[in-house]
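Let me begin by presenting the structure, written as structure tokens, before commenting on it.
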Amino acid sequence: MSEFPPHPPMDPNFIPKCMLEPFPTPEEIVAIRERHRLEEAERVRLRDAPYVEAARTAARESLATQRWAWSCRRIIERAEALLAGEDLPFYLAKELNQITSKARITILRAQQAATVPHEPELARAGGLSIREAARQGVAYLTRLDADEARERNKEGWGKSTMVMGHVLDTVDAFTPSQASHALRILRTHRRQLPAPLAARLFDVAPELPL
């Protein structure tokens, strides 16, 4: 004998409520689907909003202060186009973030490279007065670099010296290693330097260590 009570008999006239409601018209079905689509899109937008806004902020700040670290004009134009859009979907925000990260990595690599002395200039970089002069030279070339090496006008840094030059310009006082790299790139642009500063950097014998 079953421990469960028997099912009550089914009413032969019973009709489920859902079958009593009118079936939506094709137009109503389209509207329902569109409403669901919009609701899902809004849910996804809210979910991704923090990441998207962070990607926008990082790219804007990098372009405003470190545009020189961006590899080429095409990349800059792509980033600016993404920033100009009113809505930025997640996959495009991810692309923007990757572009910005490449600029950040470029800066980090230059900073790390400056910690390894450039041996041909290291002896000269050992003198404090030379390091101070190198700092002045880097600041001078950076002020001339209004186009950030985008144009061939023989003003400011070139494509091969731009990143290191701008990175060193953020340093208040050079170590001998940093100064050796400053001398390396300043020697490339020696003719742009004021004559007294160029002579101080390159025409005076290196200071002997105490």
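Could you tell me whether the range 79-96 includes any residue that is among the basic types (Lys, Arg) and under 20 Å from residue 160 (Cα atoms)? Full working, then the answer.
Taking the range 79-96 first, the residues among the basic types (Lys, Arg) are 94.
Applying the additional criterion that residues be under 20 Å from residue 160 (Cα atoms) yields none.
No, every residue in the range 79-96 fails to be among the basic types (Lys, Arg) and under 20 Å from residue 160 (Cα atoms).
Residues in the range 111-137 that are surrounded by fewer than 18 Cβ atoms within 10 Å (Cβ to Cβ) and hydrophobic (A, V, I, L, M, F, W, C): how many? Within the range 111-137, residues that are surrounded by fewer than 18 Cβ atoms within 10 Å (Cβ to Cβ) and hydrophobic (A, V, I, L, M, F, W, C) number 5.
Could you tell me whether any residue of the range 32-53 is modelled with pLDDT under 85 and either assigned by TED's automatic domain parsing to the domain that holds residue 95 or out of contact with any Ser or Thr (no Cβ under 8 Å at 6 or more places or on another chain) (or both)? Spell out how you get there, then give the answer.
Here is the first cut: in the range 32-53, the residues modelled with pLDDT under 85 are none.
The answer is no, given that none of the residues of the range 32-53 is modelled with pLDDT under 85 and either assigned by TED's automatic domain parsing to the domain that holds residue 95 or out of contact with any Ser or Thr (no Cβ under 8 Å at 6 or more places or on another chain) (or both).
The set of residues in the range 35-69 that are closer than 22 Å to residue 79 by Cα and among the β-branched types (Val, Ile, Thr) comprises 52, 57, 65.
Taking the range 1-54 as the region of interest, how many residues are within 28 Å of the chain's Cα centre (by Cα) and either surrounded by fewer than 10 Cβ atoms within 10 Å (Cβ to Cβ) or small (Gly, Ala, Ser) (or both)? So that I can check it myself, show each step before the final result.
Step one: of the range 1-54, the residues within 28 Å of the chain's Cα centre (by Cα) are 41-54.
The next check asks that each one be either surrounded by fewer than 10 Cβ atoms within 10 Å (Cβ to Cβ) or small (Gly, Ala, Ser) (or both); those that pass are 41, 46, 49-50, 54.
Total satisfying the criteria: 5.
Just to be sure, is residue 79 closer than 27 Å to residue 185 by Cβ, touching a residue at least 60 places away in the same chain (Cβ under 8 Å) and not aromatic (Phe, Trp, Tyr)?
On the way: closer than 27 Å to residue 185 by Cβ: yes; touching a residue at least 60 places away in the same chain (Cβ under 8 Å): no; not aromatic (Phe, Trp, Tyr): yes.
Against the criterion (closer than 27 Å to residue 185 by Cβ, touching a residue at least 60 places away in the same chain (Cβ under 8 Å) and not aromatic (Phe, Trp, Tyr)), residue 79 does not qualify.
When the range 33-75 is filtered for residues that are aliphatic (A, V, I, L, M) and touching a helix residue (DSSP H, G or I) at 6+ places or on another chain (Cβ under 7 Å), the ones remaining, listed by number, are 52, 55, 58, 59, 63, 69, 75. Look at (1) crowded, with 23+ Cβ neighbours inside 10 Å; (2) under 19 Å from residue 110 (Cα atoms); (3) modelled with pLDDT of 95 or more and you find that residue 157 fails only one, number (3).
Residue by residue, here is whether (1) over 30 Å from residue 101 (Cα atoms); (2) basic (Lys, Arg) holds:
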residue: 18; (1), (2): yes, no
residue: 33; (1), (2): yes, yes
residue: 60; (1), (2): no, yes
residue: 83; (1), (2): no, no
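Here's the yes/no breakdown for (1) in contact with a helix residue (DSSP H, G or I) (Cβ under 8 Å, 6 or more places away or on another chain); (2) on the phi > 0 side of the Ramachandran plot; (3) part of a helix (DSSP H, G or I):
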residue: 79; (1), (2), (3): yes, no, yes
residue: 88; (1), (2), (3): yes, no, no
residue: 108; (1), (2), (3): no, no, yes
residue: 117; (1), (2), (3): yes, no, no
residue: 122; (1), (2), (3): yes, no, yes
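The values are calculated or read from the model by the stated rules, or taken from the named source; none is laboratory data. No experiment lies behind these values; they were computed from the predicted model shown. Cβ coordinates were reconstructed from backbone atoms using ideal geometry, including for glycine residues, and neighbour counts include every protein chain displayed.
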